Structures are given as C-alpha cells and as structure tokens.
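Let me begin by presenting the structure, written as structure tokens, before commenting on it.
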Amino acid sequence: MTKAIALLSGGLDSTLAVKLMIDQGIEVHALNFTSAFCTCDSGAKKPDKEVAKKAEAHIEGEPLGCKGQARLVSEKFGVPIKVINKGADYIDIVRNPKYGYGKGINPCVDCRIFMFRAAKKYMEEIGASFIITGE
C-alpha cells in the first residue's frame with residue numbers, strides 16, 4: 001500500500017487532505033509540530049467529557065487546542081501521529097531566516113522548509129512516497 005506523510009495541524013484543510021488520501025486507499029501517517037511559540041491552546045474552547053476522553057494526554061476541563069485537535073483527527077481516521085518539538089535549531093532559523101521573514105498571512109519560507117525537511121526524514125524512515133498538506 002502507498003504511504004503518505006500528512007502535515008496535520010488539526011484544522012479543516014489538513015483534516016480534509018488526510019480524509020481525501022484515506023478515501024483513495026493511501027496509508028496516511030500524520031506529523032504535527034509544536035514549539036515554544038505555540039499559543040494555539042490558549043483560549044481554546046473547553047471540550048466536553050467525551051471529547052476530553054479521546055484527546056491523548058489531555059486534562060479534562062482544560063482547553064483542547066490545536067494539538068488536541070490533531071490527535072483527535074488522527075484517532076478518528078486511525079492515522080498514527082508523530083509530534084515533533086521544534087527546538088534550538090528552529091529558533092536559529094527564526095532569528096536568522098535565510099529567505100527573510102514572512103509578511104501578513106504568508107508563513108516564513110524557512111519555517112516551511114524546516115517542516116518539510118522533517119517530513120522528508122520521517123517519510124524516508126517509514127517508506128512513504130509523498131507528503132501532503134492542507135494547502
């Protein structure tokens with residue numbers, strides 16, 4: 001079976017990309033990133049008890065946020081998920097981006113390259129053929 005790596009944020013676009021691949025018979029493995037800059041869990045809607053039970057390493061009553069959303073998507077579709085913490089090497093890229101800073105809604109090109117390199121490495125580790133995103 002053909003395998004793919006999905007850059008999964010847990011949002012609508014990446015979730016739909018995962019679903020479309022599964023519907024085509026592709027075995028999907030999700031990759032999610034976290035960093036010191038991640039504030040996606042602050043102010044998020046508090047989950048009900050049933051949702052809280054499904055989110056791995058989630059404390060009931062606390063905000064679910066996007067990391068929990070990515071885990072819920074992976075569980076819903078039976079997709080293994082690997083979470084990578086962007087460390088000091090990522091901070092160096094943010095401080096001194098080779099291709100400049102992103103503007104407006106455009107992401108930092110260097111940050112995208114960082115994530116795609118990590119995805120390529122994971123792709124090679126598990127023998128996947130390609131990478132998908134929600135873009």
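The values are calculated or read from the model by the stated rules, or taken from the named source; none is laboratory data. It should be emphasised that the depicted structure is a prediction, and the values quoted were computed from it without experimental measurement. Because the Cβ atoms are built from the backbone with ideal geometry, glycine has one as well, and the counts that use them run over all protein chains shown.
Data for the structure
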read-out	value
Residue in segment 71-78 that is modelled with pLDDT under 80 and acidic (Asp, Glu) present	no
In segment 92-133, the residues that are β-branched (Val, Ile, Thr) and at pLDDT below 85	ILE93, VAL94, ILE105, VAL109
Close pairs (9 angstrom Cβ cut-off, 6 or more residues apart or separate chains): more than 18 Å from VAL18 (Cβ to Cβ) in segment 112-135, at pLDDT 95 or above and of a type in the set (A, V, I, L, M, F, W, C) anywhere	LYS120/ILE5; LYS120/ILE131
Candidates ASP89, ASP13, filtered to the one that is closer than 18 Å to TYR122 by Cα, part of a helix (DSSP H, G or I) and either of a type in the set (D, E, K, R) or at pLDDT below 75 (or both)	ASP89
Criterion violated by LYS49 - all others in (1) touching a His at 6+ places or on another chain (Cβ under 6 Å); (2) modelled with pLDDT under 60 satisfied	(1)
